[in-house]
Amino acid sequence: MARQVSLADQVDLLFAYGEARGFSTAYRTIAVATEENGTNIRKIHYGENLNPGLRTLTALARYFEVGLDFFMCETQAECKDYLSGIAEQRLLGGVPQAMIGISEDGLKIILALVHIVRKAEGQPQLDDWKRFV
C-alpha cells in the first residue's frame, strides 16, 4: 500500500511543479505575493507546521495556480498525477485558441502531425482521424 503523503511532501511537490513552470519558490517572494508569512511557509515546507489554516493553503494553491483540492491527494503518486493533469489541461486549453484562423489545409496538417506524434509515443491512434485529413 502506498504511503500517505505528508503536507510537507505535498508542498515540496508543489514547489517543484512551480519551479518547473518559472514560479519563484523563494519564501519571501511567495509571502509578498500571497500576503502570508514567509516563516510560516518555510515551516509548512519543512514539516514544522502540520496544521496551517485554510487561508494559507488557499494562498499557496492560488500562487502556484492549482486547485485547493491538490491538498486532498493522499499519496505522492496521486499528487504527481494531479499536477501533471493540470499541466496537460493548461497546454491543451490553449490549442483551440491557437488554431483560430488556420486554414482547413493547415488543420489537416496539424491532425496528421498529431497522428505521427501519437504513433512515435506508442499512444493509441484515433480511429477516425483520417476522415478529417
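Laboratory data are not the source of any read-out in this text; all were calculated from the coordinates shown. As the structure is a computational prediction, the values presented were derived from the model and not from experiment. We place every Cβ from the backbone using ideal geometry, glycine too, and count neighbours over all the protein chains shown.
Observations, loosely collected:
- For the chain, the longest principal axis of the Cα atoms and the long axis of helix 54-63 meet at an angle of about 40 degrees.
- Distances between placed amide hydrogens fall under 5 Å for Thr75 paired with Val5, all partners being 5 or more residues away or on another chain.
- Grouping the Cα pair distances of the chain into 10 Å bins from zero gives a pair-distance distribution of 11, 33, 23, 17, 14, 3 percent in increasing distance order.
- With the simple spin-label model, which puts each label point 7 Å out from Cα in the Cβ direction, the Ala20 to Lys43 separation comes to 3.0 nm.
- Cα-Cα pairs of region 1-40 separated by more than 14 Å (percent): 56 percent
- By average C-beta atoms within 10 angstrom, highest first, the peptides 99-107, 8-16: 8-16, 99-107
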